[in-house]
Amino acid sequence: MRPDLTQLRDLVEGSPGFGRRRAVAVPEALIRAAEERVGPLPPSYRWWLAGFGHGRAGGADIATVGPAGPADDVYEYVTAGWRLDGDRLCFAVEQDCGDSYSFALDRSGEAGDGEYPVVHRDGTDGCEYPVAESFAGFLAVRLARLRGLRDGPNPTIARLWRSTPGVLLDNGVHIYGPHLIGERNETFEVSRYAPGWVLVGDDSGGDGFFMRHHGRDRVSVHRLGLGAICEDVETEGEPVTDDLLGWLHTGGAAPAD
């Protein structure tokens with residue numbers, strides 16, 4: 001799914017100590033100059049450079065962009081010669097263990113979105129593992145781990161977060177990222193009133209979207225009033241979809257009567 005940059009900004013700005021140092025925005029001209037050396041950069045990473053410039057994500061130092069010339073090859077710049085290794089462009093390194101994160105330039109993301117999947121290379125054995133479907137997803141996954149959410153409350157939300165830290169549609173449908181989901185579930189005491197369920201979003205009008213934590217059916221989404229949360233969400237609520245990502249792609253239309 002295409003990264004929601006509004007949700008990405010909320011994630012970064014709403015997570016003190018995560019994802020950034022003092023913001024040092026990179027001018028568009030310098031980003032373009034860097035792309036002349038390493039190729040097109042993913043839109044969500046370009047957004048990061050233009051807004052924050054550099055920072056950290058759960059212990060990983062994120063590369064920035066600086067002036068061209070002799071300084072263009074400094075360690076912290078994404079244009080440093082060692083960062084581009086064949087079809088891998090390293091944009092983040094964990095200094096304590098040597099693990100690195102790279103854009104897989106040989107794999108395109110969603111058609112037309114310009115994003116590249118992110119892969120993790122183990123600093124000890126050199127093995128490579130998939131992490132996220134975009135730079136925005138990389139930040140979401142890192143924050144989820146830092147907040148003890150693991151990959152997410154169920155496989156569907158985990159898949160969403162690998163692409164984008166939540167979604168807010170024009171019709172008010174809001175699916176939460178890792179920066180919001182814990183607080184929203186605590187506020188509405190979901191674990192108390194609807195054990196086994198998780199509030200994954202809302203419609204901006206008083207209804208929430210619920211999915212199961214465990215069991216065979218962890219794909220169905222049910223709508224229920226946030227003031228009427230109960231244990232039997234499936235019976236008391238309204239079925240919405242069993243394909244959350246597909247539903248979001250089509251704009252979160254109301255279910256047919």
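Every number in this text was worked out from the coordinates using simple rules, so none of it is lab data. All of these numbers come straight from a predicted model, not from anything done at the bench. Positions of Cβ are backbone-derived with ideal geometry, glycine not excepted, and every protein chain shown enters the neighbour counts.
Rounded to the nearest 20 debye, the dipole magnitude of the range 168-249 is 240 debye, with +1 charges on Lys and Arg beta carbons, -1 on Asp and Glu beta carbons, and the Cα centre as origin. With all pairs of different C-alpha atoms in the average, the Kirkwood value for the hydrodynamic radius of the chain is 19.2 Å. Per-residue Karplus couplings for the range 199-212, computed as 6.51 cos²θ - 1.76 cosθ + 1.60 with θ equal to phi - 60°, are listed in order as 7, 9, x, 8, 9, 6, x, x, 9, x, 10, 10, 9, 7 Hz, Gly and Pro entered as x.
The string of couplings for the range 126-132 from the Karplus curve (6.51, -1.76, 1.60, θ = phi - 60°) is x, 6, 10, 9, x, 10, 7 Hz, one whole number per residue in order, with x for Gly and Pro. Rounded to the nearest 20 debye, the dipole size of the chain about its Cα centre is 620 debye, using +1 on the Cβ of Lys and Arg and -1 on the Cβ of Asp and Glu. For Val24, the residues 5 or more places off, or on other chains, whose built amide H falls under 5 Å of its own are Gly53, His54.
Using just the helices of the chain, give the 222 nm mean residue ellipticity in deg cm²/dmol: DSSP H runs with n ≥ 4 each add -39,500 (n - 2.57), and the total is spread over all residues, rounded to 500.
One gets -7000 deg cm²/dmol as the mean residue ellipticity at 222 nm.
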